[in-house]
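Participant: This structure is in structure tokens; I'll ask about it shortly.
The values are calculated or read from the model by the stated rules, or taken from the named source; none is laboratory data. Being a predicted model, the structure only gives us computed values, none of them experimental. Cβ atoms come from the backbone with ideal geometry, glycine included; neighbour counts cover every protein chain shown.
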Amino acid sequence: MNRLGIGSPRGLAAFAALTGCLVTMAVAALTGTGGVFAAAGLAGCGCELLLHRTEPGLMARLGRLHMGATPRFEFRCVLLLLLLGRLHVTGPIGLAAAMTLVLCLLAGQALHAALSTLIRRRRALAVAARNIDLRRLDISDRPPRRLTEWPGPRMLAYELSALLGLTASLATGDARWVVAALTLAAGACLITVVALVPYLVRAVRRLPGAAQVLAEVDAWLIRHRPRTVLYFSGPRDRVHQVTGWLGAVAALPTPSLVVLRDRELLDALDPTPLPVLCVPDAAHLARLDLSGVRVALYPANTGRNIHLLRIPTMQHVFLAPGDGDRAVDPYSKVYDQVWVAGEAGRRRHVQAAVGVEDADIVEIGRPQLDGLRAAGTGHVPAPVPTVLYAPASDEPGTADEPIVRALLESERPVRLLYRPHPPTGRRSPEARAAHRRIAALIQAANERRAADPVGEASGDAGAPRAEAARHRAELARRIAALEARLRRADADEAMLTRDRAAPDPALLTEAEDLRRQWHQAHWAASPPWLHQVIEGDTPTLHSCFGQADLLITGLSGADGRTGVGDGRSGADGRTGADGDLSGVAGDFLATLKPYALTIPAGLTEEEFRRQHTLARAAYLLGPGASGMDTVLRPLFDPSLDELRTTRQEVTEFLLGPAVPPSVQRFTDAVEKLARKGEALLRMRDLHTAPPPDTGRWSVTR
């Protein structure tokens, strides 16, 4: 059942009940048992409503399997007609009327779906934008969401009306009730269809065409002349590859632009002050005036990069600062430069011998980790040290439970932050079961510690923690309200393109400040001796880094995915065949705090350290969490941290020096390359300019 996207026992029970209701309705319709049919139908409506609210993933999956809300509604309508044909409550005229009304209802629902789809497609602009003034385009409002969305609940209202009418007819023996209910449902459906017609007319007549939109975007490009472009194409679940660079690009002193190639990325992109263009069609991208751009940055190697790479007036850069030991993509040689984090990245590209010259490799560090590197200096473990255990895969592993048990049963107490990989349990029942066992172990350990706290400071800290918890709840409400204002769920892509003419720095600053306060309140409200199971997006992975005195993680799963918490993988989105450590461990490395890695089966410690640079500065855990005592020892006596110097060396080797900050090195690299691009462009213009006509060799007739 997990393959259907069911995420909870309650969802599984509701889905089973819905299936049973459909089977019962079919049997009742065949046997002419009206009371059973009505009862099963009403119960099915309740199950449908519950699933729509609690299991949207299941509803979407059923739709892709052609078993969505519309086919289920049509199936129940056919069963209703079959039942009415077997009952004696309706005569021939009543049955004909009911049949006509059901057919009208089904036709109206089909027409409504067709109009909604047509309006949505007509409102898809050639170019969508954020933070770009395109208000001169005459873009109308979208239809209200209650007219175009929520088809499942709307059809449930029609069905509920019919079932109530059927119940009344069965109770009174009068067919007029069910006919009246069907008339009400068909009339409501007709009203929604008629209400959509004006919006279809506006979409056809008023929305600007591709030529008009491109002309307006060109006018904006000519006025603002962005000098740097951050370009990305890829699936929605890879959007972190571009969002990780938004801060560094926004800090550039010259105008910049983000260009996306997939519409789904526009909604997934974090709020940013940068202007953003989404150009799905390569022909439209070719028509835009990007002659002022000097540097194009590519955070991922994808086939659609070629649509911008063909522009000769730009200097093209592949951002490859991943600090793992992944193989180098030969495609990297098409770029003018490859930017890496540190010396390790340079060596990896040179030794790969794929055509990337050493002179074209620039070390810029990891701008995303500047805050971690600054905060990690001079760290002193807490009286009850905190260990962050973040498995690097959502696949079930034999090492997870022994590691958690060893930490919970440590002779010297520690606090455990357990952060499973986000998709854990969505694909594998075994992984879901393992996660539940680990959560149960942590809950039991917390119950024991609640009765006998360890490391509690003198005095009553309960009141400040309660106040912090109240403040956290209030901040969560404010953040939700602010994000609703920033994302505007009531607006579609065309309206956001029209209305997001300029970023609101005050809103963005307020949102960032509220998130920072929420994290402070969260940790202030958390007893420092109680363990935590951290699921979801908050607290963030980097916030957990701030609490952790030690990290334990491992290799990515067999499918090649990596990263923990935020789903981060390397900058090029690929991993080596033997796994990649450049996600959570590579980020934590910037804090200079100790970390431990689990050794995969079949490798010795020496081979593991030889294959992975990060492992050279890591404490290692063998099968069954062997070596945990050695791993925890530096938490209680920092003088026993024998890998401190090695971590500093590996950090500089992988991430580059801490001074100057990576953001400054990134900015300097962009400016230097832009000047090189200007010089090359002037030289090209000089060589391609026609010779002056002096008239000396002219021939007259």
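Participant: When region 325-352 is examined, which residues are found to be basic (K, R) and not in a loop (DSSP other than H, G, I, E, B)? So that I can check it myself, show each step before the final result.
Facilitator: Here is the first cut: in region 325-352, the residues basic (K, R) are 326, 333, 346-348.
Within region 325-352, K333, R346, R347, R348 meet the criteria.
Participant: Taking interchain pairs and intrachain pairs at least six residues apart, which have beta carbon atoms under 7 angstrom, with the first residue in region 594-606 and free of Cβ contacts under 8 Å to residues at least 60 places away in the same chain and the second of a type in the set (V, I, T) and buried (at least 16 other Cβ atoms within 10 Å of the Cβ)?
Facilitator: A596/I552; A596/V631; L597/T553; E605/I599
Participant: Right, another one. In region 660-698, how many residues are in a loop (DSSP other than H, G, I, E, B) and at pLDDT 90 or above? Before the answer, list the steps.
Facilitator: So in region 660-698, the residues in a loop (DSSP other than H, G, I, E, B) come out as 660-661, 689-698.
Going one step further and asking which of them are at pLDDT 90 or above, we end up with 660-661.
Within region 660-698, residues that are in a loop (DSSP other than H, G, I, E, B) and at pLDDT 90 or above number 2.
Participant: Quick one: in region 500-509, which of the residues that are surrounded by 16 or more Cβ atoms within 10 Å (Cβ to Cβ) and not basic (K, R) is modelled with the lowest pLDDT? Steps first, answer last, please.
Facilitator: Going through region 500-509, the residues surrounded by 16 or more Cβ atoms within 10 Å (Cβ to Cβ) turn out to be 500, 503, 508.
Retained after the next criterion (residues that are not basic (K, R)): 503, 508.
On the way: P503: 71, L508: 85.
Applying the filter and picking the extreme gives P503.
Participant: If you take the residues of region 25-79 that are more than 40 Å from the chain's Cα centre (by Cα) and of a type in the set (S, T, Y), which of them is farthest from L170 (Cα to Cα)?
Facilitator: Going through the qualifying residues, I end up with T31.
Participant: Quick one: count up the residues across region 581-614 that are under 16 Å from M628 (Cα atoms) and not in a strand (DSSP E or B). Give the derivation first.
Facilitator: Going residue by residue through region 581-614, those that are under 16 Å from M628 (Cα atoms) are 594-600, 605.
Next, only the ones that are not in a strand (DSSP E or B) stay: 594, 599-600, 605.
Adding up the residues that qualify gives 4.
Participant: Please state which one of V242, V249, V194, V217 is out of contact with any Ser or Thr (no Cβ under 7 Å at 6 or more places or on another chain), under 28 Å from R515 (Cα atoms), modelled with pLDDT of 90 or more and of a type in the set (A, V, I, L, M).
Facilitator: Values: V249 fails: out of contact with any Ser or Thr (no Cβ under 7 Å at 6 or more places or on another chain); V194 fails: under 28 Å from R515 (Cα atoms); V217 fails: under 28 Å from R515 (Cα atoms).
The unique qualifying residue is V242.
Participant: Tell me, yes or no, whether region 334-350 has at least one residue that is of a type in the set (D, E) and at pLDDT below 90. Talk me through it step by step, then tell me what you get.
Facilitator: Of the residues in region 334-350, the ones of a type in the set (D, E) are 336, 343.
Next, from what is left, pick out any that are at pLDDT below 90: none.
No; the residues of region 334-350 include none that is of a type in the set (D, E) and at pLDDT below 90.
Participant: Going through R205, R142, R123 one at a time, which residue ends up being under 24 Å from A501 (Cα atoms) and surrounded by fewer than 16 Cβ atoms within 10 Å (Cβ to Cβ)? Talk me through it step by step, then tell me what you get.
Facilitator: Working: R142 fails: surrounded by fewer than 16 Cβ atoms within 10 Å (Cβ to Cβ); R123 fails: surrounded by fewer than 16 Cβ atoms within 10 Å (Cβ to Cβ).
Among R205, R142, R123, only R205 is under 24 Å from A501 (Cα atoms) and surrounded by fewer than 16 Cβ atoms within 10 Å (Cβ to Cβ).
Participant: Could I ask something else about it? Which numbered condition trips up V242, out of (1) out of contact with any strand residue (DSSP E or B) (no Cβ under 7 Å at 6 or more places or on another chain); (2) of a type outside the set (G, A, S); (3) part of a helix (DSSP H, G or I)?
Facilitator: Failed condition: (1).
Participant: Return the pairs, sorted by first residue and then second, in which the second residue is modelled with pLDDT of 90 or more and of a type in the set (D, E), the first residue lies in region 643-657 and is farther than 25 Å from R633 by Cβ and outside any helix (DSSP H, G or I), the beta carbons are less than 7 Å apart, and the residues are 6+ apart or on different chains.
Facilitator: From residues that are farther than 25 Å from R633 by Cβ and outside any helix (DSSP H, G or I), the pairs are G656/E363.
Participant: Restricting to region 651-668, name every residue that is of a type in the set (D, E, K, R) and buried (at least 17 other Cβ atoms within 10 Å of the Cβ).
Facilitator: Step one: filter region 651-668 for residues of a type in the set (D, E, K, R), giving 652, 665, 668.
Once the filter is applied, which keeps residues that are of a type in the set (D, E, K, R) and buried (at least 17 other Cβ atoms within 10 Å of the Cβ), region 651-668 yields only R665.
Participant: Give region 297-320 a look and list any residue that's touching a Gly at 6+ places or on another chain (Cβ under 9 Å) and part of a helix (DSSP H, G or I), or say none.
Facilitator: R304
Participant: List, please: which pairs have Cβ atoms under 8 Å, are six or more places apart or on different chains, and start with a residue in region 131-158 that is acidic (D, E) and end with one that is crowded, with 18+ Cβ neighbours inside 10 Å and part of a loop (DSSP other than H, G, I, E, B)?
Facilitator: Filtered contacts from region 131-158: D138/L207; D138/P208.
Participant: Would you mind telling me which numbered condition in (1) at pLDDT 75 or above; (2) touching a Gly at 6+ places or on another chain (Cβ under 8 Å); (3) of a type in the set (A, V, I, L, M, F, W, C) M59 fails?
Facilitator: Condition not satisfied by M59: (1).
Participant: Whether any residue in region 506-529 is in contact with a Phe, Trp or Tyr (Cβ under 8 Å, 6 or more places away or on another chain) and more than 25 Å from L266 (Cβ to Cβ) is what I want to check. Break it down into steps so the answer makes sense when it comes.
Facilitator: Taking region 506-529 first, the residues in contact with a Phe, Trp or Tyr (Cβ under 8 Å, 6 or more places away or on another chain) are none.
The answer is no; no qualifying residue exists.
Participant: Then there's this: State which residue is farthest from A282 (Cα to Cα) when the search covers only region 162-187 and only residues that are buried (at least 20 other Cβ atoms within 10 Å of the Cβ) and without any contact (Cβ under 8 Å) to a residue 40 or more places away in the chain.
Facilitator: Taking the candidates together, the pick is G165.
Participant: Okay, next question. Considering region 604-616 alone, what residues qualify as being farther than 22 Å from A406 by Cα and surrounded by 13 or more Cβ atoms within 10 Å (Cβ to Cβ)?
Facilitator: Just the residues of region 604-616 that are farther than 22 Å from A406 by Cα, to begin with: 606-614, 616.
Within region 604-616, F608, R609, Q611, H612, T613, L614, R616 meet the criteria.
Participant: Kindly list the number of the only condition in (1) surrounded by 14 or more Cβ atoms within 10 Å (Cβ to Cβ); (2) modelled with pLDDT of 80 or more; (3) part of a helix (DSSP H, G or I) that fails for E447.
Facilitator: The one condition E447 does not meet is (1).
Participant: Turning to a different aspect of this structure: Looking only at region 36-60, which residues are surrounded by 17 or more Cβ atoms within 10 Å (Cβ to Cβ) and free of Cβ contacts under 8 Å to residues at least 12 places away in the same chain?
Facilitator: Passing the criteria: only A39.
Participant: Kindly indicate whether any position in region 511-530 is acidic (D, E), assigned by TED's automatic domain parsing to the domain that holds E467 and either within 30 Å of Y418 (Cα to Cα) or in contact (Cβ under 8 Å) with a residue 40 or more places away in the chain (or both). I'd like the intermediate steps shown before the answer.
Facilitator: The first filter runs over region 511-530 and keeps only residues acidic (D, E), leaving 512-513.
The next check asks that each one be assigned by TED's automatic domain parsing to the domain that holds E467; those that pass are 512-513.
Subsequent filtering for residues that are either within 30 Å of Y418 (Cα to Cα) or in contact (Cβ under 8 Å) with a residue 40 or more places away in the chain (or both) retains 512-513.
The answer is yes; a qualifying residue exists.
Participant: Being buried (at least 16 other Cβ atoms within 10 Å of the Cβ), assigned by TED's automatic domain parsing to the domain that holds V27 and in a loop (DSSP other than H, G, I, E, B) is true for just one of L137, L190, L156. Which residue is that? Steps first, please.
Facilitator: Values: L190 fails: in a loop (DSSP other than H, G, I, E, B); L156 fails: in a loop (DSSP other than H, G, I, E, B).
Going through L137, L190, L156 in turn, the sole match is L137.
Participant: Only residues that are surrounded by fewer than 20 Cβ atoms within 10 Å (Cβ to Cβ) and closer than 15 Å to L184 by Cβ: list them for region 98-115, please.
Facilitator: T100, C104 - these are the residues of region 98-115 that are surrounded by fewer than 20 Cβ atoms within 10 Å (Cβ to Cβ) and closer than 15 Å to L184 by Cβ.
Participant: Continuing with this model, one more query. Looking at T243 and the list (1) among the hydroxyl-bearing types (S, T, Y); (2) touching an Asp or Glu at 6+ places or on another chain (Cβ under 6 Å); (3) buried (at least 22 other Cβ atoms within 10 Å of the Cβ), which single condition is not satisfied?
Facilitator: With respect to (1) among the hydroxyl-bearing types (S, T, Y); (2) touching an Asp or Glu at 6+ places or on another chain (Cβ under 6 Å); (3) buried (at least 22 other Cβ atoms within 10 Å of the Cβ), T243 is out only on (3).
Participant: With respect to R120, determine if the residue is closer than 24 Å to R487 by Cα and either in contact with an Asp or Glu (Cβ under 7 Å, 6 or more places away or on another chain) or of a type outside the set (G, A, S) (or both).
Facilitator: Numbers: closer than 24 Å to R487 by Cα: yes; either in contact with an Asp or Glu (Cβ under 7 Å, 6 or more places away or on another chain) or of a type outside the set (G, A, S) (or both): yes.
So R120 passes the test.
Participant: Now, a different point. Looking at L285, is it part of a helix (DSSP H, G or I) and either within 30 Å of G108 (Cβ to Cβ) or under 29 Å from the mean Cα position of the chain (by Cα) (or both)? Talk me through it step by step, then tell me what you get.
Facilitator: Numbers: part of a helix (DSSP H, G or I): yes; either within 30 Å of G108 (Cβ to Cβ) or under 29 Å from the mean Cα position of the chain (by Cα) (or both): yes.
Yes, satisfied.
Participant: Here's something else I'd like to know. What number of residues within region 353-372 are part of a loop (DSSP other than H, G, I, E, B) and touching a residue at least 60 places away in the same chain (Cβ under 8 Å)?
Facilitator: From region 353-372, those part of a loop (DSSP other than H, G, I, E, B) are 353-357, 364-366; that's our starting set.
When the remaining residues are screened for being touching a residue at least 60 places away in the same chain (Cβ under 8 Å), the result is 364-366.
Number satisfying all stated conditions: 3.
Residue-wise test of (1) outside the structural domain of M314 (by TED's automatic domain parsing); (2) surrounded by 19 or more Cβ atoms within 10 Å (Cβ to Cβ); (3) under 30 Å from P92 (Cα atoms); (4) acidic (D, E).
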site: V194; (1), (2), (3), (4): yes, no, no, no
site: P198; (1), (2), (3), (4): yes, no, no, no
site: D218; (1), (2), (3), (4): no, no, no, yes
site: R223; (1), (2), (3), (4): no, no, no, no
site: P235; (1), (2), (3), (4): no, no, no, no
site: E264; (1), (2), (3), (4): no, no, no, yes
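Participant: Determine, yes or no, whether S626 is farther than 27 Å from V362 by Cα, exposed (fewer than 13 other Cβ atoms within 10 Å of the Cβ) and of a type in the set (G, A, S).
Facilitator: Working: farther than 27 Å from V362 by Cα: yes; exposed (fewer than 13 other Cβ atoms within 10 Å of the Cβ): no; of a type in the set (G, A, S): yes.
Taking the combined requirement at face value, the residue does not satisfy it.
Participant: What tally of residues in region 284-299 results from selecting those that are surrounded by fewer than 22 Cβ atoms within 10 Å (Cβ to Cβ) and within 23 Å of Y331 (Cα to Cα)?
Facilitator: Result for region 284-299: 2.
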